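These notes are about the structure you will find just below.
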Amino acid sequence: MPRDAGSLSLGLDLTYALDPVAFATDRLHFEPDPWQAGLLRSNARQIIENITRQGGKSTSAAAGALHTALYDAPALVLLVSPSLRQSKELFGKVTDFLKDLQPAELLEEDNRSSCTLANCSRIVSLPGDPKTIRGFSAPKKVIVDEAAYVEPAMFTALRPMLAVSNGQLILISTPNGRQGYFYETWQHGEGWERIRITARECPRISAEYLEQERRELGPLLYSQEHDCEFVDPDSSAFSSALIEAALVDDFEAFV
Ligand SMILES: Nc1ncnc2c1ncn2[C@@H]1O[C@H](COP(=O)(O)OP(=O)(O)O)[C@@H](O)[C@H]1O
Ligand SMILES: [Mg+2]
């Protein structure tokens, strides 16, 4: 390679190392939405994202995983999904992106849910069973996709592991009721960067589709799936907001 071409490619590589959005756009041919760009660029230790169905959660998780694996090597990156099917699907997004990169980046791919890159980084996509994370240590990044559907024991297993490695924890999900780690963290977690994107804010979701969804899902499920609202799973006459309001002791008495 001529010297100029070599230094140009080194310069570009430095740009991509420093800017995950330039990396995603140029090397993965994935143009992140503003919130996805914010996620990719954030250095916060803990990030929680409350995002509409089909908003681009899994795609941005895959791009972020690859950036860390390529430019913070040797890195262990864990992707956690609620089920085996979802973890394989998410890993499929990683391998789709890998096809756009130099083949030299990939060393080996095993069992369709993990890969090792030539720089010795590993990306492992796991189902949300806490037993599956035994044996992994010091992850630089853990992304939990559809985190509101992952069982609480998984978070109990993950947190000490991250405390040791000082790694980044990213929870991305559509809400799933007013319960669980994702809900509690969104409501009360301290030291978390929060991002919320409803379906109307997603450029790929049309108003016609949302109208149809509203008719099919009904108002409660619609607000959960597309408006990022935490709703009661079996809310009927009384929502938990009403019940909570009834339980507070500093209410204004009816006169
Ligand atoms: N920034 C983007 N630009 C173009 N298409 C995108 C972008 N983000 C996501 N998509 C596409 O939108 C669809 C839903 O994305 P996905 O990541 O599966 O959403 P989610 O996991 O939130 O349901 C996929 O077809 C994906 O390729
Ligand atoms: Mg998804």
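Would you be so kind as to identify which of Leu171, Ile143, Gly191 lies farthest towards the positive end of the dipole of the chain, taking Lys and Arg as +1 and Asp and Glu as -1 on Cβ and the Cα centre as origin? Going by the charge dipole, the pick is Ile143.
Hull volume per residue, based on the alpha-carbon atoms of the chain and their convex hull, is 158 Å³. For Gly189, what charge total do you get from the other residues with a beta carbon under 13 Å from its beta carbon, if Lys and Arg give +1 and Asp and Glu give -1? Here the charged neighbours net out to -1.
Fraction of C-alpha pairs exceeding 16 angstrom in segment 11-74: 42 percent, rounded to a whole number. DSSP finds beta bridges in segment 58-198, and of those with both partners inside it, around 30 percent are antiparallel. Where both bridge residues fall in the chain, DSSP classifies roughly 20% of the beta bridges as antiparallel.
How far, in nm, would the chain grow between Leu18 and Arg215 when pulled straight, counting 0.36 nm per residue and subtracting the alpha carbon separation?
Length gained, Leu18 through Arg215: 66.4 nm.
Within the shell of other residues whose beta carbon sits under 10 angstrom from the beta carbon of Lys57, the net charge comes to -2, with Lys and Arg scored +1 and Asp and Glu -1.
Listed values for segment 159-171 are Karplus-derived 3J(HN,Hα) couplings in whole Hz (6.51 cos²θ - 1.76 cosθ + 1.60, θ = phi - 60°), namely 4, x, 4, 6, 4, 5, 8, 6, x, 8, 10, 10, 9, and x replaces Gly and Pro. Taken about its Cα centre, the chain carries a charge dipole of about 880 debye when Lys and Arg each add +1 at the Cβ and Asp and Glu each add -1 at the Cβ. Backbone phi angles across segment 54-67, fed through the Karplus curve with coefficients 6.51, -1.76 and 1.60 (θ = phi - 60°), yield HN-Hα couplings of 6, x, x, 5, 5, 5, 6, 4, 5, 5, x, 4, 5, 4 Hz in residue order; Gly and Pro are listed as x.
Charging the Cβ of each Asp and Glu at -1 and of each Lys and Arg at +1, and nothing else, the dipole of segment 185-235 about its Cα centre rounds to 180 debye.
Residue-wise HN-Hα couplings along segment 135-144, as the Karplus relation 6.51 cos²θ - 1.76 cosθ + 1.60 with θ = phi - 60° gives them from phi, are x, 9, 9, 6, x, 7, 8, 10, 10, 9 Hz; Gly and Pro carry x. Dipole of the chain computed with +1 at Lys/Arg Cβ and -1 at Asp/Glu Cβ about the Cα centre; of Phe155, Leu12, Val80, farthest Cα towards the positive end is Leu12. The dipole here belongs to segment 25-171: it is taken about the Cα centre, uses +1 on the Cβ of Lys and Arg and -1 on the Cβ of Asp and Glu, and is about 380 debye. Were the residues from Arg53 through Gln102 laid out at 0.36 nm apart, the gain over their Cα-Cα distance would be 14.5 nm. Annotation: amide H of Arg196 within the under-5 Å range of Asn50, sequence separation 5 or more or interchain, hydrogens built in the peptide plane. Between amide H atoms placed 1.01 Å from N, distances below 5 Å from Ala75 occur with Ser121, Arg122, all of them 5 or more places distant or on a separate chain.
Throughout, read-outs are computed from the coordinates displayed, never taken from laboratory work. A quick note: this is a predicted structure, and the numbers were derived from the prediction, not measured. In this analysis, Cβ positions are derived from the backbone assuming ideal geometry, glycine residues included, and neighbour counts consider all displayed protein chains.
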